[in-house]
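The values are calculated or read from the model by the stated rules, or taken from the named source; none is laboratory data. Bear in mind that the values here come from a model prediction, so they are computed numbers and not experimental data. Here the Cβ is made from the backbone with ideal geometry for all residues, glycine too, and neighbour counts use every protein chain on show.
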Amino acid sequence: MEKEILRIGEVDIEITFKPIKNLHLSVHPPYGRVTISSPEFYDLEKVKIYAATKWAWIKKEQQKFASQAREETRSYISQESHYFLGKRYLLEVMSAEKNQVLRKANKLQLHIKDIDDITLKRKVLYQFYRKELRQRLQDFIMQYAANMDVNIPDYSIRAMKTKWGSCAVNGQRLLFNIELAKKPLDCIEYIVVHELVHLLERNHNKNFITLMNRFLPHWKVQKKVLNELPI
């Protein structure tokens with residue numbers, strides 16, 4: 001697949017030329033990244049004209065993401081709010097010999113060797129997020145891979161700036177954004193199904209929608225909830 005970057009005004013649009021019949025325009029959460037999938041027989045000028053005709057819609061969609069609530073910068077101190085699986089917890093920072101996070105009622109107890117080291121506190125909390133998210137991802141992947149009759153793919157978790165997940169179809173490998181650990185289970189389920197469906201259908205076309213409807217009938221609701229949560 002051939003890729004180009006088209007700049008219109010202040011917006012970079014990622015163009016991918018594929019063996020498809022029609023143009024597909026998308027504005028992606030959480031930051032409004034713009035992509036166009038184009039048939040291979042179109043030239044860049046034709047795609048540019050198409051993008052220009054959709055400019056008002058592109059800006060409207062980007063504005064929706066720009067106005068979405070953002071999480072406040074965290075200081076990792078006691079009584080600060082943090083989220084896990086869609087639920088709000090109060091952080092309780094405690095001096096300890098072993099770095100770990102424990103859940104107690106509505107609190108996340110951050111046991112830390114150096115309570116003044118903000119970098120260490122963030123690292124330990126995100127180690128907790130990674131471990132917990134991995135278990136939820138594993139459960140959903142096992143369930144839906146069986147439902148879809150696809151091989152269980154490899155997957156990994158990382159910090160991602162512009163996507164909740166991605167699928168390398170040829171390598172049969174999925175990537176998930178570690179920030180999903182803060183989101184409700186239903187939203188995590190939606191992202192897992194979305195990426196697994198890409199193993200059956202690369203593109204966001206009618207067949208993709210049909211497959212999503214088959215395997216996760218309420219996916220549009222879960223997508224809407226995810227896209228309206230603070231990022």
Check your understanding: If you check every pair at least six apart or on different chains, which have Cβ atoms under 8 Å apart with a residue in the range 170-181 that is free of Cβ contacts under 8 Å to residues at least 40 places away in the same chain and of a type in the set (Lys, Arg) first and a residue that is assigned to a loop (DSSP other than H, G, I, E, B) and surrounded by fewer than 19 Cβ atoms within 10 Å (Cβ to Cβ) second?
Key -> 173/153
Review point. Could you give every pair whose Cβ atoms fall below 9 Å, whose first residue belongs to the range 86-103 and is assigned by TED's automatic domain parsing to the domain that holds residue 188, and whose second residue is part of a strand (DSSP E or B), counting only separations of at least 6 or pairs across chains?
Key: none
Practice item. Select from the range 54-78 the residues that are of a type in the set (A, V, I, L, M, F, W, C) and not in a loop (DSSP other than H, G, I, E, B) and list them in ascending order. Key: 55, 56, 57, 58, 65, 66
Practice item. May I ask you to verify whether residue 61 is surrounded by 15 or more Cβ atoms within 10 Å (Cβ to Cβ) and out of contact with any Ser or Thr (no Cβ under 6 Å at 6 or more places or on another chain)? Key: yes
Practice item. Would you check which residues across the range 15-53 are in a strand (DSSP E or B) and β-branched (Val, Ile, Thr) and list them? Key: 15, 16, 27, 34, 35, 36
Study note, to complete from the structure: Across the range 114-128, the tally of residues that are outside any helix (DSSP H, G or I) and either surrounded by fewer than 13 Cβ atoms within 10 Å (Cβ to Cβ) or touching a Pro at 6+ places or on another chain (Cβ under 7 Å) (or both) stands at 2
Point to revise | Test set (1) hydrophobic (A, V, I, L, M, F, W, C); (2) under 25 Å from the mean Cα position of the chain (by Cα); (3) not in a helix (DSSP H, G or I) - residue 93 fails condition number | key: (2)
Practice item. Considering each of 77, 112, 58 in turn, give the residue that is among the β-branched types (Val, Ile, Thr) and touching a helix residue (DSSP H, G or I) at 6+ places or on another chain (Cβ under 7 Å). Key: 112
Practice item. Select the strands (runs of 3 or more DSSP E) contained entirely in the range 139-231, then report the ones holding at least 1 residues which are touching a Lys or Arg at 6+ places or on another chain (Cβ under 7 Å) and buried (at least 16 other Cβ atoms within 10 Å of the Cβ). Key: 154-158, 173-177
Review point. Touching a residue at least 40 places away in the same chain (Cβ under 8 Å), among the acidic types (Asp, Glu) and within 24 Å of residue 163 (Cα to Cα), is that true of residue 61?
Key: no
Exercise for review: Using the structure shown, decide if residue 126 is of a type in the set (Phe, Trp, Tyr), touching a strand residue (DSSP E or B) at 6+ places or on another chain (Cβ under 7 Å) and over 30 Å from residue 13 (Cα atoms).
Suggested key: no
Review point. What number of residues within the range 101-112 satisfy the criterion of being over 26 Å from the mean Cα position of the chain (by Cα) and surrounded by fewer than 13 Cβ atoms within 10 Å (Cβ to Cβ)?
Key: 2
